[in-house]
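Here the structure is laid out as structure tokens; the discussion comes afterwards.
The values are calculated or read from the model by the stated rules, or taken from the named source; none is laboratory data. In this text, all values refer to a predicted model and were calculated from it rather than measured experimentally. Here the Cβ is made from the backbone with ideal geometry for all residues, glycine too, and neighbour counts use every protein chain on show.
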Amino acid sequence: MAVLRLHWAWVILGVCFLDLFVNYSIRLGFGVILPEMIRDLGLNRTQGGSIFNAYLAAYLCMTPFVGNLTDRYGARRIIAGFGTFLGAGALLMGTADGFARACVYYAIVGVGASAMWTPVLVVVQRWFAPRRRGLALGILSTGYGLGFAAMGWVFPHLVHLASWRASWYLLGSAALAMVFLNGALLRSRPEDQGLLPWGNGPQGAGEGEVEGPSSGHGRIREVMSSPRFWLIGASYFLAACALYLVTTFMVDYAKGEVGLDLKGASFLATIHGLSQVLGVLTIPPLSDRLGRRRTLMGSNFLTSIGIVGMVLSGNWTWGLYCSVAVVGMLYGVTWPLYGACGGDYFRKEVMGTVIGAWTPFYGTGAILAHFLAGTIRDLTGSFHWAFLLGSGLALGACVLLWRVGEPQD
């Protein structure tokens, strides 16, 4: 009798799903926890955004090195090792008693989180054939949507039963548990196990890959000399700035300007997260047919429309919920599709270097978003102008992608 064997690619995908679930519960959950931290620690909105920027600054500094280290030493060692910083930093966030310590502790979280995106994308793309990557990345990306949704549901209950600090203790413990799971189950390359990527038949190895020399020398020069690298990176910058202008502060906006209570405002995070799941299960597989570039152009355009809808909804709660659902659905799609461009436009031996080198564009955009949103809110008393700025930036990201051209061009 034939015995069905599970390809190890699916074990890799499962572990990486949990990595994203925990990591993005910590990252995106900050926006859910932020209103209570502001109230308890006596912070203003600019300081709240600056705490997140401390995280992003550390993340931004480390990620290019992490991408190169992943190409050299493998994702397993990098993800497991950096996960220790992720868990320790989250635990320390639960002890923060002021602005300065919160910045330091969340920067430690940022160091750990730098290995929870680029290496994860690289290892999943290496274990799945090019024509199956949209499917794999779609399943993988449900991790961060569900993580955000879970925080939106769990956090109000934790505040009621204990305090906002309990959320950080729970998240830090989960991150440390993942260190052991990554070390036990992750494998960096299918070739090391004598396997082909899932979705390739015996004749299909390497199908769809960009070819080139395998030498690691000159890897960075090869990437930096490509005009497409810079165009996609600039688009990534604008998309990140647009989305973070909204996502980090939407719970604070709903509570402070729309007038929702904590439970109703936090429900936005649940809507956003569940919508991410819907988006990543449907749109990335579609990108296998339409192409990553075209799909991203459409996503950025509709993101712009969704952000405008949030502003125009005013105090109409259901209008706000629907607009956040649109933005959330496209938020979940944005990051894996930009990452997948690394495999579409560049050879697999430099994939980690490419994705890692793109991350400063993302990080700079997110840092700028928090500075702009917090400053505009403190100066004008409203997030409306900050959100409308985000809508315009999303349109700019769309235009830059139009100039990139298709991979075969």
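Which condition breaks for residue 72 when tested against (1) at pLDDT below 85; (2) touching a helix residue (DSSP H, G or I) at 6+ places or on another chain (Cβ under 7 Å)?
That leaves (2) as the condition not met.
Scan region 342-383 for residues that are within 27 Å of residue 71 (Cα to Cα) and without any contact (Cβ under 8 Å) to a residue 40 or more places away in the chain and jot them down.
Listed by number, the list is empty, since nothing qualifies.
Quick check on my filter: what residues within region 362-409 are in a loop (DSSP other than H, G, I, E, B) and at pLDDT below 85?
Those that are in a loop (DSSP other than H, G, I, E, B) and at pLDDT below 85: 405, 406, 407, 408, 409.
Assuming residue 10 fulfils every condition listed in (1) over 22 Å from the mean Cα position of the chain (by Cα); (2) more than 19 Å from residue 154 (Cα to Cα); (3) not hydroxyl-bearing (Ser, Thr, Tyr) apart from one, which condition is it?
For residue 10, the exception is condition (1).
Evaluate the following for residue 330: is it part of a helix (DSSP H, G or I), in contact with a helix residue (DSSP H, G or I) (Cβ under 9 Å, 6 or more places away or on another chain) and more than 22 Å from residue 147 (Cβ to Cβ)?
no
Condition first: more than 25 Å from residue 350 (Cβ to Cβ), of a type in the set (Lys, Arg) and assigned to a loop (DSSP other than H, G, I, E, B). Can you find one or more residues in region 4-23 that meet it?
The answer is yes, given that some residue of region 4-23 is more than 25 Å from residue 350 (Cβ to Cβ), of a type in the set (Lys, Arg) and assigned to a loop (DSSP other than H, G, I, E, B).
Just one of the numbered conditions (1) in contact with a Ser or Thr (Cβ under 8 Å, 6 or more places away or on another chain); (2) under 27 Å from residue 156 (Cβ atoms); (3) modelled with pLDDT of 85 or more; (4) of a type in the set (Val, Ile, Thr) is not true of residue 66; which one?
(2)
Hey, which of the helices (runs of 4 or more DSSP H) in region 108-199, taking only ones fully inside, have at least 1 residues that are polar (S, T, N, Q) and surrounded by fewer than 21 Cβ atoms within 10 Å (Cβ to Cβ)?
Passing ranges, in order: 164-185.
Residues 134, 98: which one is modelled with pLDDT under 80 and more than 21 Å from residue 177 (Cβ to Cβ)?
134
When you scan region 333-359, how many residues do you find that are over 17 Å from the mean Cα position of the chain (by Cα), among the hydrophobic types (A, V, I, L, M, F, W, C) and in a helix (DSSP H, G or I)?
2
Give me the residue from region 9-22 that is of a type outside the set (Val, Ile, Thr) and over 13 Å from residue 136 (Cβ atoms) and, out of that set, surrounded by the fewest Cβ atoms within 10 Å (Cβ to Cβ).
18
Confirm whether residue 90 is at pLDDT 90 or above and more than 14 Å from residue 115 (Cβ to Cβ).
yes
Taking the condition assigned to a loop (DSSP other than H, G, I, E, B) and either more than 17 Å from the chain's Cα centre (by Cα) or under 21 Å from residue 72 (Cα atoms) (or both), does residue 100 pass?
Considered against the rule, which asks whether it is assigned to a loop (DSSP other than H, G, I, E, B) and either more than 17 Å from the chain's Cα centre (by Cα) or under 21 Å from residue 72 (Cα atoms) (or both), residue 100 comes out as no.
When you scan region 281-298, do you find a residue that is acidic (Asp, Glu) and over 17 Å from residue 67 (Cα atoms), even just one?
There is at least one residue in region 281-298 that is acidic (Asp, Glu) and over 17 Å from residue 67 (Cα atoms).
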